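Participant: Have a look at the structure that comes next, please.
The values are calculated or read from the model by the stated rules, or taken from the named source; none is laboratory data. These numbers were taken from a predicted model, which means no experiment stands behind them. Cβ placement follows ideal geometry from the backbone for every residue including glycine, while neighbour counts extend to all protein chains displayed. In case anyone asks, the SASA skips ligands and DNA or RNA and just uses the protein heavy atoms, side chains included. Shrake-Rupley method; radii C 1.70, N 1.55, O 1.52, S 1.80 Å.
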2 protein chains.
Amino acid sequence: MKSLTPKAVSVKFAPSQDRNGADHTAAIPCNDWRPCRVPRKPPVGPMSEFTAKDIDALYRVMAARRDMRHFLPDPLDEALVTRLLQAAHLAPSVGFMQPWRFIRVRDRAMRERVHALVETERLATARALQEREDEFMRLKVEGVRECGELLVAALMPGRERFVFGRRTMPEMDLASVACAIQNLWLAARAEGIGMGWVSLFDPETLRVLLRMPEGSRPVAVLCLGRVPAFYPRPMLEEQHWARRCDLNELVMTDYWTESSRSPTRESTDT
Amino acid sequence: MKSLTPKAVSVKFAPSQDRNGADHTAAIPCNDWRPCRVPRKPPVGPMSEFTAKDIDALYRVMAARRDMRHFLPDPLDEALVTRLLQAAHLAPSVGFMQPWRFIRVRDRAMRERVHALVETERLATARALQEREDEFMRLKVEGVRECGELLVAALMPGRERFVFGRRTMPEMDLASVACAIQNLWLAARAEGIGMGWVSLFDPETLRVLLRMPEGSRPVAVLCLGRVPAFYPRPMLEEQHWARRCDLNELVMTDYWTESSRSPTRESTDT
């Protein structure tokens, strides 16, 4: 089985440059999809117990991770699924609340019902995209029926009891679940397993379908499984849906300096 | 400089067990903080271009990552900061919208003003915690003034234009930023750099302070820097603020089966 890996491109770390003579914009090279290689000698030496090879492996996994929509149907080994869930559970959480919950959808009929929900929302999204409707409909946006393992990641109920780090920012619970999903995603990629995060569903309908209590909320349908190949670049970039932003435009110093024209514009960037 | 590393504990992968004879609960071993070691032989072999050592490195980084509040003041190397931001920019995002923005707070006076905002919210949170107020006040909850590099991560303005994956789930933009922060966090940990995610601030006040446009939203004050040592376990676990949940209780099959008593209860878990 062939795995398409992005070509390793060595990237020059250019000295920091000012734009417009001002000191409020950080100049950052290596803005495209290609993996940013760690310089040969470990940059922090005795500070880290991780070797240059370890660090390089981490950056390579991050660069090779993709939002997958094409899967092979092989089921995943139970021990592998366990490792991926353990990786998720190692994520940070606001006030150590660990708000993540996971439902493994193993029943075929239940999976079909989840797929039906996603399909309904896919059509509704296409209509909402107006002039990009046809373009959107040509994209493959999920692999719910084909993937080897289907997981639903959710926020637990009763989160209003947790105040630490959330009094003014209640949405930090979602941020914690997202970190858990990212851990799972990176672990899957390292293990040669693809994952796709599907958010094309009505959360309340999915909550009721999965008999989830009031106050809980599904946040992701996660398609996991072996894949024919990993996309060399993000599929939405390959299909010209959107472009990779220049990192220089996303990093500012001391206060906001980005121009009002956002680098990515879904509705006009055709 | 000594880095406290968690002891490598080999964990047995127990066969899946049913509780109560039902098939709706996954039994998952290795629920505590210790790193879950990858079995010696690569589990997927030809499926992954990553070696068993690469995979092991990733899991070790995840297990060693901590929410840090104790920092040394040394500034970070510019090339290192660049690599960390590049790692963030490799994160997934809903519809490839890349909603993350970063402001590097380099001006000392600005940093003091950010600290003042955090301090105000710290006191407000303590009062809101009622019977846990004193316990909370004894915790060190941020390292804004001491850390070598202060970053604010934010959501860009104009997100309402992005519909793909967000028609029913607009909060997926925040999930994308959280994934970017988690990438940055793991990269920092691998490079021997500590990070703390502070969400103790009023987002609107911080937005105005950083001259951020309406519609944008700060989501994290990120303290980055060299540390005296990494905590062997999450600090809030060490200080008995909360317990690590049993992963078995967080994973269900086909539909929700968790009992109404949540494993973590901030307000009663004293």
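Participant: Quick one: label points 7 angstrom along Cα→Cβ at B:Asp107, distances to the other copies in nm, smallest first?
Facilitator: Those label-point separations list as 5.9 nm.
Participant: Follow-up question, since we're still on this one. In peptide B:183-195, what is the residue-averaged number of other protein chain Cβ atoms found within 10 Å of each Cβ?
Facilitator: Details: counts 9, 0, 5, 8, 6, 1, 4, 13, 11, 10, 4, 1, 1.
The mean count of partner-chain Cβ atoms within 10 Å per residue comes to 6.
Participant: Right, next: Given charges of +1 on the Cβ of Lys and Arg and -1 on the Cβ of Asp and Glu, with all other atoms neutral, how large is the dipole of the range A:133-262 about its Cα centre, in debye to the nearest 20? Please report the intermediate quantities before stating the final value.
Facilitator: Numbers: 16 positive and 19 negative charges, 85 e Å.
Dipole about the Cα centre, nearest 20: 420 debye.
Participant: Oh, and also: On the first, second and third principal axes, largest extent first, how far apart are the outermost C-alpha atoms of the range B:107-238 in Å?
Facilitator: Result for the range B:107-238: principal-axis Cα extents of 43, 36, 33 Å.
Participant: Additional query: Roughly how many Å is it from the Cα centre of the range A:223-260 to that of the range A:68-116, as a whole number?
Facilitator: 24
Participant: Of the listed peptides A:75-82, B:180-187, what is their order by residue-averaged count of other C-beta atoms within 10 Å, with the highest listed first?
Facilitator: Details: A:75-82: 17.6, B:180-187: 27.5.
Result, highest mean first: B:180-187, A:75-82.
Participant: Over the range A:121-270, what relative contact order in percent results from Cα pairs under 8 Å that are six or more residues apart? Kindly include the intermediate steps, with their values, before the conclusion.
Facilitator: Values: 146 pairs, mean separation 43.8, N = 150.
Averaging sequence separation for qualifying contacts and normalising by length gives 29 percent for the range A:121-270.
Participant: If you don't mind, there's one more thing I want to ask. Size of the dipole of the range A:116-206 about the Cα centre, Lys and Arg at +1 and Asp and Glu at -1 on the beta carbon, nothing else charged, in debye to 20? Don't skip to the end; give the middle numbers.
Facilitator: On the way: 11 positive and 15 negative charges, 71 e Å.
So the dipole magnitude of the range A:116-206 works out to roughly 340 debye.
Participant: Could I ask something else about it? Once ligands and nucleic acids are excluded and a 1.4 Å probe is used, how much of B:Arg145 is accessible, expressed in Å² to the nearest 10?
Facilitator: Roughly 120 Å² of B:Arg145 is accessible to a 1.4 Å probe.
Participant: To continue, here is another question. On the full set of protein chains, 1.4 Å probe, figure out the accessible area of B:Thr51 and give it in Å² to the nearest 10.
Facilitator: Per-residue accessible area (B:Thr51): approximately 70 Å².
Participant: Between beta-carbons, use under 11 Å as the cut-off and find the net charge around A:Met235, counting Lys and Arg +1, Asp and Glu -1.
Facilitator: Result for the neighbourhood of A:Met235: +1.
Participant: Here is a further query. Shortest first and in nm with one decimal, please list how far the B:Arg138 label point sits from its counterparts in the other copies (point 7 Å along Cα→Cβ).
Facilitator: Reported distances to equivalent positions: 6.4 nm.
Participant: Okay, moving on. With the label 7 angstrom out along Cα to Cβ, how close does B:Ala124 come to the same site in each of the other copies, in nm, nearest first?
Facilitator: Taking the point 7 Å beyond Cα along Cα→Cβ, the inter-copy spacings are 3.4 nm.
Participant: Would you list A:Val177, B:Val208 from the most to the least accessible area, probe 1.4 Å? Working shown, then result.
Facilitator: On the way: A:Val177 0, B:Val208 90 Å².
Highest to lowest solvent-accessible surface, that is B:Val208, A:Val177.
Participant: Here is a further query. Just how much of A:Met110 is accessible, in Å², when a 1.4 Å probe is used and the result is rounded to the nearest 10?
Facilitator: Here the accessible area works out near 10 Å².
Participant: Could you compute how much accessible area chains B and A hide from each other, both sides summed, with a 1.4 Å probe? Nearest 100 Å² is fine.
Facilitator: Numbers: alone 16080 and 16110 Å², together 20640 Å².
Approximately 11600 Å², summed over both chains.
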